[in-house]
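Chemist: Pasting in a structure now, in structure tokens, and then I'll have a few things to ask.
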Amino acid sequence: MVSLPRERNSIDYDDERLLEVGRSVLLMEAEEISRAASRVGKELVKAARIINRCEGRLVVVGMGKSGLVGRKIAATLASLGTPAFFLHAAEGAHGDLGMVCREDAGLFLSNSGQTREVLEVLPFFRRLGAPVIAMTGNTSSRLARDSDVVIDSGVAREADPLGLAPTTSTTLQLALGDALAGMVTELRGLKAEDFAMFHPGGSLGKRLLLRVSDVMATGDRVPRVSLTASVREALFEITSKGFGAAIIEDEKGYVSGIFTDGDLRRLLEDRGVNALSLPIVEVMTKDPKTITPDRLAAEAMHIMEEREISCLIVSESGRATGIVHIHELLKAGVI
């Protein structure tokens, strides 16, 4: 059976008036977050310490729109090193409570504090002796009364034009969840490298985890010639290794300079083919920028972008141990 499209009532707002509606929603939600920032106190600290001391996992419980916010809070905490998962209250009451252990802690979200499915799950946590944090807009509710810590997420009104849909309340819940995550991160002393460990597949993880040693070319792949070489010899090394440059080394193997295909083009334009017989020491770039293999690959990328170069010498104690090319960084997903 084909359903016919229904007609929609539509008001012909001009663009400026419609934009004002959007701006008023943003401002109202921002005001509620600002009010919450002024009123929160030791209860937020206590909640953060409960989460930090938890030997199991933080179980975030919710229903409906609060449940959707709860999923995001659990995901944020997990990404910052706090074992956490979301438990749908209705599913919890029908068997999923088997995932909850005595070592866990609960974060219960309910704007009204009276959501039946949420309240049905609460006694199980109490019997286990697991601490319960309530985030609710009704601090006199049953959820608030039966919890160890109550975080007030109450708002003056919802931000939608009807004042009915969960908008301001869910935004504040989300912001309070982020505040908790930030506080727990401080308590745990999490570093950027730790964060990257939880995101190894993303570009962020690659930027924070990959070292120059992971992407550089070594051994026979490194283009290098001695100080006594000619431009012609350097050219052969550049073309055979494919890095667009050759490292110039002294008799003891220390880096003295670099000569690139760009240098070669400019030299040929200026002096013609006779330039190929010139000693490389006369035309090389002295004291080139280098990087050590233990540095982040992202730092190598930054240097290349800043200096507008395509490769970088990797050295230790003045000797070239490798070379890294911008193409390798691109392939590794550093950008």
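The values are calculated or read from the model by the stated rules, or taken from the named source; none is laboratory data. The model shown is predicted, which means the values in this text are computed figures rather than measured ones. Every residue, glycine among them, receives a Cβ derived from its backbone with ideal geometry; neighbour counts consider all protein chains shown. These area figures cover heavy atoms from the full protein model, side chains too; ligands, DNA and RNA do not enter into them. Shrake-Rupley method; radii C 1.70, N 1.55, O 1.52, S 1.80 Å.
Chemist: Filter the range 50-66 for residues that are in a helix (DSSP H, G or I) and open to solvent by 10 Å² or more (accessible area, probe 1.4 Å); which is farthest from F86 (Cα to Cα)?
Modeler: Among those residues, the one meeting the criterion is R53.
Chemist: May I pose another question? Going through the range 292-323 one residue at a time, which ones are over 25 Å from the mean Cα position of the chain (by Cα) and assigned to a strand (DSSP E or B)?
Modeler: C311, L312, I313, V314, S315, E316, R319, A320, T321, G322, I323, listed by residue number.
Chemist: What strands (runs of 3 or more DSSP E) lie completely within the range 81-159 and have 3 or more residues being within 13 Å of V60 (Cα to Cα) and open to solvent by 10 Å² or more (accessible area, probe 1.4 Å)?
Modeler: Correct list: 84-88.
Chemist: Restricting the search to the range 160-173, which residues are under 20 Å from G62 (Cβ atoms), hydrophobic (A, V, I, L, M, F, W, C) and open to solvent by 10 Å² or more (accessible area, probe 1.4 Å)?
Modeler: L164, A165
Chemist: Just wondering, is there one or more residues in the range 135-149 that are acidic (D, E), farther than 21 Å from L68 by Cα and either touching a Lys or Arg at 6+ places or on another chain (Cβ under 9 Å) or free of Cβ contacts under 8 Å to residues at least 12 places away in the same chain (or both)?
Modeler: The answer is yes, given that some residue of the range 135-149 is acidic (D, E), farther than 21 Å from L68 by Cα and either touching a Lys or Arg at 6+ places or on another chain (Cβ under 9 Å) or free of Cβ contacts under 8 Å to residues at least 12 places away in the same chain (or both).
Chemist: Which ones in the range 160-171 are small (G, A, S) and part of a loop (DSSP other than H, G, I, E, B)?
Modeler: Selection gives G163, A165.
The rows are residues; the columns are (1) over 32 Å from the mean Cα position of the chain (by Cα); (2) aromatic (F, W, Y); (3) at pLDDT below 95.
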site: E91; (1), (2), (3): no, no, yes
site: D96; (1), (2), (3): no, no, yes
site: S110; (1), (2), (3): no, no, no
site: R116; (1), (2), (3): yes, no, yes
site: D152; (1), (2), (3): no, no, no
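Chemist: Right, next: Of (1) part of a helix (DSSP H, G or I); (2) surrounded by fewer than 17 Cβ atoms within 10 Å (Cβ to Cβ); (3) in contact (Cβ under 8 Å) with a residue 40 or more places away in the chain, V69 satisfies all except one. Which?
Modeler: (2)
Chemist: A further question follows. For the range 21-49, which positions are farther than 30 Å from L80 by Cβ and either aromatic (F, W, Y) or surrounded by 11 or more Cβ atoms within 10 Å (Cβ to Cβ) (or both)?
Modeler: Matches in the range 21-49: V21, S24.
Chemist: Select from the range 257-285 the residues that are hydroxyl-bearing (S, T, Y) and surrounded by fewer than 19 Cβ atoms within 10 Å (Cβ to Cβ) and write down the one among them that is nearest to S317 (Cα to Cα).
Modeler: T285
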